[in-house]
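First comes the structure, then the notes that go with it.
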Amino acid sequence: MANIIIPKFPKNVTQKAWDQFYRWTQDEQMADKVKSNSYLELVKGNSKEQGHHRKAIDGLGECYAEMDSRMYHRQMQNDPDFWKDPSNHKKFFKDNSKYLNEGMKV
């Protein structure tokens, strides 16, 4: 997870400086989104190559969603019991459908 930097600007900061700061923050957010999507593509691609994509496994069930470990642990940072609550699953995958495997719905 990226560090959050909050600059301590003097009171007389020009609009140009604020605009530049805003552009830097936007670039960082876009870079984070691109990196996250790249990790997700790797995870889903590896799963398809290994041949267990969407196969039902006795005793475990069916793989209906996949995500990289960063996203999994990010949710656990906010709430250590996040993945134990089925209502959290439903809300998370409703808001983040890109993690669901093809043909799966919330």
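Please say if segment 61-106 is rounded, prolate or oblate, where rounded means a/c under 1.5 for a ≥ b ≥ c the square roots of the C-alpha gyration tensor eigenvalues, and otherwise the choice is prolate for a/b larger than b/c and oblate otherwise? Here segment 61-106 falls in the prolate category.
Straight-line cross-link reach from residue 90 at under 20 Å between alpha-carbon atoms covers these aspartates and glutamates, not counting any fewer than eight positions away in the same chain: 62, 66, 68, 79, 81, 102.
Read-outs throughout are calculated quantities, based only on the coordinates presented, and are distinct from any laboratory measurement. Nothing here was measured: the structure is a model prediction, and the numbers come from that model.
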